[in-house]
1. Can you give me the number of residues within region 91-110 that are over 15 Å from ASP177 (Cβ atoms) and either touching a Leu at 6+ places or on another chain (Cβ under 6 Å) or open to solvent by 50 Å² or more (accessible area, probe 1.4 Å) (or both)?
2. Within region 111-131, count every residue that is among the aliphatic types (A, V, I, L, M), free of Cβ contacts under 8 Å to residues at least 60 places away in the same chain and either open to solvent by 80 Å² or more (accessible area, probe 1.4 Å) or part of a loop (DSSP other than H, G, I, E, B) (or both).
3. Are there strands (runs of 3 or more DSSP E) fully within region 192-287 with at least 3 residues that are in contact with a Leu (Cβ under 8 Å, 6 or more places away or on another chain)? List them.
4. Being under 13 Å from the mean Cα position of the chain (by Cα) and of a type in the set (Ser, Thr, Tyr) narrows it down to one residue among SER77, SER69; which is it?
5. When you go through LEU118, LEU103, LEU88, LEU71 one by one, which is the residue that is over 23 Å from ALA173 (Cα atoms) and in contact with a Ser or Thr (Cβ under 8 Å, 6 or more places away or on another chain)?
6. Regarding region 13-34, can at least one residue be identified that is surrounded by 10 or more Cβ atoms within 10 Å (Cβ to Cβ) and either closer than 24 Å to VAL143 by Cβ or modelled with pLDDT of 90 or more (or both)?
7. Any idea how many residues of region 137-156 are part of a helix (DSSP H, G or I), closer than 12 Å to ASP177 by Cβ and touching a helix residue (DSSP H, G or I) at 6+ places or on another chain (Cβ under 9 Å)?
8. How many residues does region 169-193 hold that are under 16 Å from LYS55 (Cα atoms) and free of Cβ contacts under 8 Å to residues at least 12 places away in the same chain?
Amino acid sequence: MSNPKLSTITRKTFLQKLMHWAGRLVGLGVAAGVYSYGWERHWIETTEVTITLPKLPDAFRGMKLVHFSDLHLGHFSEPKDVQHVVDLIMSKKPDMICFTGDLVDESTRYLSVVLPILGQLDAPLGKYAVLGNHDYRARQQQVIRDTLSNAGFEVLDNRHVRVDRQGSFLHMAGVDDVLFGVPDLARALGDIPTDEAVILLAHEPDFADETAAYPVGLQLSGHSHGGQVRLPLIGAILTPKLSQKYVQGLYKVKDYSLQVYTSRGLGTTILPIRLFCRPEVTVITLH
């Protein structure tokens, strides 16, 4: 009985195969780079979610709240991009609009142009905002506050606003940026009755672990960008400080009634790319 022949591969053949697969990998990397820079970072996803909010009065049930975050103006994001976002938000006919920080990346040069664009946003139950860590990096946080205020937003720096609808109340609260500001939950929630519904705006989502000690039903946050780059089976490659626990979407904080919704945001930072992590505008229907 003859011995089976062993297949052999020459050094030349091995190198040819290696170069072939290396070329494929390089091509795949180039394609991913072109897609993540040229397409996905502009491809906004509208996420629709219904959230049951404890203690919500009947008058607010069915209310449509549009949440957006992290525009990062100046880092490959321009006023025309903001106009697209504003048009998208208004097409949803929101009852309320919330912005959870990072209007700019590091520069405030576009603010005068963006102010009238943000002013186009309109909602019968108001527009509310907080600042993010990049708004502080610009070192002109008061200019950013003024821009948001002049555009019609209530900037909730450690304070709350009572929203009246048909004689019932919902409290919108917000805290200063956790990383660079001086957040004060006790002051933000002030004298809100414990039996009334509260929504808190806080840029960094992991702050929810502190919020959970207070009678807040829902925290809206951004900051994470959802990781900005996500891989199948792995998820987010990297998320910034205070966004490693509640990275994207809706969470319930363990053993507490608090829920957290973390937006993937709209802009980019560090690298102007998104991969398997589309920018997001969230339409929340309260129930």
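1. Start the filter on region 91-110 by keeping residues that are over 15 Å from ASP177 (Cβ atoms), which leaves 91-98, 107-110.
Filter again for either touching a Leu at 6+ places or on another chain (Cβ under 6 Å) or open to solvent by 50 Å² or more (accessible area, probe 1.4 Å) (or both), leaving 91-93, 95-98, 109-110.
Number satisfying all stated conditions: 9.
2. Initially, region 111-131 is screened for residues among the aliphatic types (A, V, I, L, M), giving 111, 113-115, 117-118, 121, 123, 125, 129-131.
Checking which are free of Cβ contacts under 8 Å to residues at least 60 places away in the same chain leaves us with 111, 113-115, 117-118, 121, 123.
Next, from what is left, pick out any that are either open to solvent by 80 Å² or more (accessible area, probe 1.4 Å) or part of a loop (DSSP other than H, G, I, E, B) (or both): 121, 123.
The total comes to 2.
3. Values: elements: 197-201, 218-221, 249-252, 259-262, 280-286.
Fully inside region 192-287 and qualifying: 197-201, 218-221, 259-262, 280-286.
4. On the way: SER77 fails: under 13 Å from the mean Cα position of the chain (by Cα).
When all the criteria are applied, what remains is SER69.
5. Numbers: LEU118 fails: over 23 Å from ALA173 (Cα atoms); LEU103 fails: over 23 Å from ALA173 (Cα atoms); LEU71 fails: over 23 Å from ALA173 (Cα atoms).
Being over 23 Å from ALA173 (Cα atoms) and in contact with a Ser or Thr (Cβ under 8 Å, 6 or more places away or on another chain) holds for just one of LEU118, LEU103, LEU88, LEU71, which is LEU88.
6. Among the residues of region 13-34, not one is surrounded by 10 or more Cβ atoms within 10 Å (Cβ to Cβ) and either closer than 24 Å to VAL143 by Cβ or modelled with pLDDT of 90 or more (or both), which makes the answer no.
7. Filtering region 137-156 down to residues part of a helix (DSSP H, G or I) leaves 137, 141-150.
Right, trim to closer than 12 Å to ASP177 by Cβ and you get 137, 141, 144-145.
Narrowing further to those that are touching a helix residue (DSSP H, G or I) at 6+ places or on another chain (Cβ under 9 Å): 141, 144-145.
The total comes to 3.
8. Filtering region 169-193 down to residues under 16 Å from LYS55 (Cα atoms) leaves 169-173, 189, 192-193.
From what is left, the residues that are free of Cβ contacts under 8 Å to residues at least 12 places away in the same chain are 193.
Number satisfying all stated conditions: 1.
The values are calculated or read from the model by the stated rules, or taken from the named source; none is laboratory data. Here the structure is a predicted model, which is why all the values come from computation and not from measurement. Cβ sites come from the backbone with ideal geometry, for glycine too, and all protein chains shown count toward neighbours. Areas reflect the complete protein model, heavy atoms only, side chains present, ligands, DNA and RNA absent. Shrake-Rupley method; radii C 1.70, N 1.55, O 1.52, S 1.80 Å.
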